[in-house]
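Below: the structure, in structure tokens.
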Amino acid sequence: MMRAWFLPLLFTGCGSLVAAVRAVDGAVGTAVAVWLVFALLAVAHSPLVFPRPVGAVEARELGAVDGRPIVYWRAGCKYCLRLRFRLGRDAHRLHWVDIWRDPAGAAAVRAVNGGDETVPTVVVAGKPYVNPDPRWVRDRL
């Protein structure tokens, strides 16, 4: 769980440090701007921008019932962020499994990626696709 928040906390800490140095130098406006940029980076790399994650077992059960794809992801992954942002409002139509929160999800990803935790891994109709193009995923919805 803490691993998912490491990068956002690092962005927040570094941004605060740089902003404090700028504020001490008298550039308060620059300090605020720098801190806001780092805060936005922290939010973008946090689990907050993704729909509520479900467990791998629950996602497989729900996917079997409703036919929606399953996305295995982790916080801080730039390819996961790209997929999430490019899907826009359609992101809620998928089942999202955070592999850092769910050991079964991590095991499922390792099983289809030769032991690697390569994300995003999207499972459509039982077939896994590693880092697919967001337009392709949207077409499968």
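Bear in mind that the values in this text are calculations on the coordinates, not laboratory data. From a predicted model like this one, the values you see are computed outputs, not experimental measurements. With ideal geometry, Cβ positions are generated from the backbone for all residues, glycine too; neighbour counts draw on all protein chains shown.
Taking the Cβ of R60 as the centre, find all other residues whose Cβ is under 12 Å away and add up their charges (Lys, Arg: +1; Asp, Glu: -1). Walk me through the intermediate numbers first.
Values: positive: R68; negative: E58, E61, D66, D102.
Surrounding charge for R60 is -3.
What residues qualify as long-range amide H neighbours of W100, i.e. H under 5 Å apart, gap of 5 or more or another chain, H built at 1.01 Å from N?
A75
Quick one, could you list the DSSP H helices from the chain stretching 18 Å or more along their long axis (Cα atoms) with average Kyte-Doolittle hydropathy of 0.5 or above? Kindly include the intermediate steps, with their values, before the conclusion.
Details: long enough: 2-24 (32 Å, 1.36); 28-44 (24 Å, 2.48).
Helices meeting the criterion: 2-24, 28-44.
Using only alpha carbon positions, build the gyration tensor of the chain, then give the equivalent ellipsoid semi-axes as the square roots of 5 times its eigenvalues, largest first, whole angstrom. Walk me through the numbers on the way to the answer.
Values: eigenvalues 240, 47, 26 Å².
The answer is 35, 15, 11 Å, longest axis first.
Roughly what % antiparallel, to the nearest 5, for the DSSP beta bridges in the chain? Intermediate results must be reported in sequence, preceding the final value.
Numbers: 7 of 11 bridges.
That works out to approximately 65 percent antiparallel.
Which Cys residues of the chain have no other Cys Cβ less than 4.7 Å away and so no disulfide-compatible partner by this rule?
Result for the chain is C14, no neighbouring Cys Cβ within the cutoff.
Pick out, from Y129, L48, G29, the residue whose Cα sits farthest towards the positive end of the charge dipole of the chain, with +1 on the Cβ of Lys and Arg and -1 on the Cβ of Asp and Glu.
Among Y129, L48, G29, the one farthest towards the positive end of the dipole of the chain is Y129.
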